[in-house]
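Below is one structure, written out as structure tokens; the observations come after it.
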Amino acid sequence: MPGFPDHMSDKTDGPGSDASLLTKTRTRTQRPPMYKVMLLNDDYTPMEFVVHILERFFGLTHAQAFEIMLTVHKKGLAVVGVFSFEVAETKVAQVMDFARRHQHPLQCTMEKE
Ligand code: TYC
């Protein structure tokens, strides 16, 4: 009478399955890395210009923009927002280009969260 190999059971343990042959794969969903976009203080860029940038490129209200501008002015820098790599890269480029075209030394950088 033909037998079963050691690792297989002839006892039924569920519909069409053998418990010893099942492997559970735990799939962990990876979140994409996010990037902080930061504005740096300087002594020359006018406050209203910074407020305008925050409204224009980051969709902030005038009050929100003024608050962040003041934080940068007092503390040296502030996080303006957190974005995917591509969006962060675009925001930094937009701010740097706009500041350069207006001949202000404003600096904007990004950093992995
Ligand atoms: N410190 C600037 C001033 O006194 C204002 C300023 C704020 C500049 C924020 C840059 O990211 C900045 N005119």
* **T25 paired with E67, simple spin-label distance in nm, labels 7 Å along Cα-to-beta-carbon** => 4.6 nm
* In nm, to one decimal, how far is the A93 label point from the K36 one, both placed 7 Å along Cα→Cβ? -> 2.4 nm
* **Accessible surface ranking that places the most exposed of I53, I68 first, with a 1.4 angstrom probe** => I68, I53
* Structure fact -> Amide H neighbours of M34 at under 5 Å, excluding residues fewer than 5 places away on the same chain, with H built from the backbone geometry, are E113
* Asked: Considering only protein heavy atoms, what per residue accessible area in square angstrom results for segment 21-113 with a 1.4 angstrom probe?
  -> 71 Å²
* To do: Would you check the accessible area of E67, probe 1.4 Å, heavy atoms only, in square angstrom rounded to 10?
  => 130 Å²
* Asked: Between V79 and R56, how many nm apart are label points set 7 Å from Cα along the C-beta direction?
  -> 2.6 nm
* Asked: Counting only the heavy atoms of the protein chains, how much of L40 is accessible to a 1.4 Å probe, in Å² to the nearest 10?
  -> 50 Å²
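The values are calculated or read from the model by the stated rules, or taken from the named source; none is laboratory data. Keep in mind it's a predicted model, so treat the numbers as computed, not measured. All Cβ positions, even for glycine, are placed from backbone atoms using ideal geometry, and neighbour counts span all protein chains on display. Just the protein is used for accessible areas: all its heavy atoms, side chains included, with ligands, DNA and RNA removed. Shrake-Rupley method; radii C 1.70, N 1.55, O 1.52, S 1.80 Å.
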